[in-house]
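In what follows, a structure is listed as structure tokens, so that the remarks can point back to it.
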Amino acid sequence: MALRLGEKAKRQRKTVTVDALSAADRRIIHAALQDDPWVTTKSLGQGSYRRLLIIPEGDRKKKEETKSPTAEREGAKPPR
């Protein structure tokens with residue numbers, strides 16, 4: 001299941017969200033995909049509302065690129 005979901009995220013180039021998994025199942029998916037350089041996994045939420053995100057690398061890079069210019073501007077001095 002984990003590998004199939006990882007492939008789905010890569011193929012669609014979209015984050016795949018998996019709801020209603022036990023902590024053990026989430027951990028298995030994290031472990032199964034941790035060595036895949038093309039996806040990242042992340043758990044969000046608390047308690048029974050906790051969900052697992054499988055993020056394709058391209059999607060994550062896009063978000064980081066969006067944040068980078070803002071971070072650079074925040075640290076820069078204002079023009080005179």
Taking region 24-38 and keeping residues in contact with a strand residue (DSSP E or B) (Cβ under 9 Å, 6 or more places away or on another chain) and over 11 Å from Ala2 (Cα atoms) leaves Trp38
Only unsatisfied item for Ala32, checking (1) modelled with pLDDT of 95 or more; (2) exposed (fewer than 14 other Cβ atoms within 10 Å of the Cβ), is (2)
Within region 11-29, residues among the hydrophobic types (A, V, I, L, M, F, W, C) and surrounded by 15 or more Cβ atoms within 10 Å (Cβ to Cβ) come out as Val16, Val18, Leu21, Ile29
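Restricting attention to region 7-25, report how many residues are more than 11 Å from the chain's Cα centre (by Cα) and within 20 Å of Glu57 (Cβ to Cβ).
Step one: filter region 7-25 for residues more than 11 Å from the chain's Cα centre (by Cα), giving 7-8, 10-13, 18-25.
Filter once more, so that each one left must be within 20 Å of Glu57 (Cβ to Cβ): 7-8, 10-13, 18.
Residues that pass the stated criteria total 7.
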Taking region 11-30 and keeping residues touching a helix residue (DSSP H, G or I) at 6+ places or on another chain (Cβ under 8 Å) and either under 10 Å from Ile54 (Cβ atoms) or outside any loop (DSSP other than H, G, I, E, B) (or both) leaves Lys14, Thr15, Val16, Val18, Ile28, Ile29
Q) If we scan region 27-42, do we find a residue that is among the hydrophobic types (A, V, I, L, M, F, W, C) and on the phi > 0 side of the Ramachandran plot? A) no
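The values are calculated or read from the model by the stated rules, or taken from the named source; none is laboratory data. Fair warning: this is a prediction, and the values are worked out from it, not measured in the lab. Every residue, glycine as well, gets a Cβ built from its backbone with ideal geometry; the counts of neighbours run over all protein chains shown.
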